[in-house]
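The values are calculated or read from the model by the stated rules, or taken from the named source; none is laboratory data. Keep in mind that what you see is a predicted model, and the values were worked out from it rather than measured. Here Cβ is always computed from backbone atoms with ideal geometry, including for glycine, and neighbour counts include all displayed protein chains.
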Amino acid sequence: MIASDLRSGVDQLGDMIAEAKVIVPFTGAGISTESGIPDFRSPGGLWTRNRPIPYDEFVASQDARDEAWRRRFAMEPTFAAAKPGRGHRALASLYKAGKIPAIVTQNIDNLHQNSGFAAEHVIELHGNTTYARCIGCGESYGLAWVKERMDATSYAPDCPGCGEPVKTATISFGQAMPEDAMRRATELAQHCDLFLAIGSSLVVWPAAGFPMLAKNCGARLVIINNEPTEQDELADLVIRHDIGETLGPFVGN
Ligand code: NAD
């Protein structure tokens, strides 16, 4: 059911939150636009400017790796300046209140951790762009380490340990999903009584399967997004408004 207006949506959401014992939020890029990070599919979003570089291309081509890292460093001022918005802070308040055991996110921006979630309670389906990893041995590297090498040689570096390419710790199109994160997200979706899909166009699979899974396992499903999604008809409540405006009233002290 689509909330008739913002006020009624917030009231109904408040009742559902009060009645729920275990809430699992599932977030997408829309929760971070208030923090200044563009999403993928809105006008002016990242996809309208740059075609994503698929994993195979990154692995096969030094040029693709150089381009991927140039793009990443071009975004660095945006990521570095981003602070959690009202949506992040509202969810962190519910987490502190013991209503949310862990959060499932498609985002790679670390803003849920920055808003107060313990890192082990943020299940990142698409990884994290605030550090780098060797795609061979998995060794972690800071972005400053990569930047230094790119500045010195103009090439994206390989891992000094095993010689394989170093990539942001994100999951690219065509790259295998992280098994542990998928397993934990599945368990959470199966065992919550309220599932909140927030700021996702729900078109990137397999991540987009979690709202449906939660609903099929008996949870109430709420979708908060400023444009329609393909799964709106499954939801018990659809709030088609700004996320900051919708979740602002749930930010605690
Ligand atoms: P998406 O761009 O496909 O969808 C975002 C949705 O949020 C859109 O439907 C948009 O209309 C809506 N939205 C944007 N701002 C909003 C606001 N203030 N209030 C309400 N709705 C708002 O993003 P997705 O579904 O997360 O999937 C894209 C992929 O992009 C994800 O896998 C993610 O890894 C990646 N990504 C992440 C970030 C980030 O970490 N912040 C940013 C861009 C892309």
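Could you list, in sequence order, all residues of region 165-190 that are of a type outside the set (A, V, I, L, M, F, W, C) and more than 16 Å from the ligand (Cβ to nearest atom)?
Start the filter on region 165-190 by keeping residues that are of a type outside the set (A, V, I, L, M, F, W, C), which leaves 165, 167-168, 170, 172, 174-175, 178-180, 183-184, 186-187, 190.
Result: PRO165, GLU179, ASP180, ARG183, ARG184, THR186, GLU187, GLN190.
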Cβ pairs under 7 Å, 6+ apart or interchain, first in region 164-190 and closer than 10 Å to VAL104 by Cβ, second in a helix (DSSP H, G or I) and of a type in the set (A, V, I, L, M, F, W, C), ordered by first then second residue, are ALA185/PHE210; THR186/LEU213; ALA189/PHE210; ALA189/LEU213; ALA189/ALA214
When (1) more than 13 Å from the ligand (Cβ to nearest atom); (2) assigned to a strand (DSSP E or B); (3) in the same structural domain as LEU247 (by TED's automatic domain parsing) are applied to TYR131, the one that fails is (3)
Number of the exception - ARG71 against (1) more than 14 Å from the ligand (Cβ to nearest atom); (2) among the basic types (Lys, Arg); (3) over 23 Å from GLY199 (Cα atoms): (1)
Can you name every residue in region 24-38 that is buried (at least 23 other Cβ atoms within 10 Å of the Cβ) and not hydroxyl-bearing (Ser, Thr, Tyr)? VAL24, PRO25, PHE26, GLY28, ALA29, GLY30, ILE31
Assuming ASP151 fulfils every condition listed in (1) closer than 23 Å to PHE79 by Cβ; (2) not assigned by TED's automatic domain parsing to the domain that holds ILE53 apart from one, which condition is it? (2)
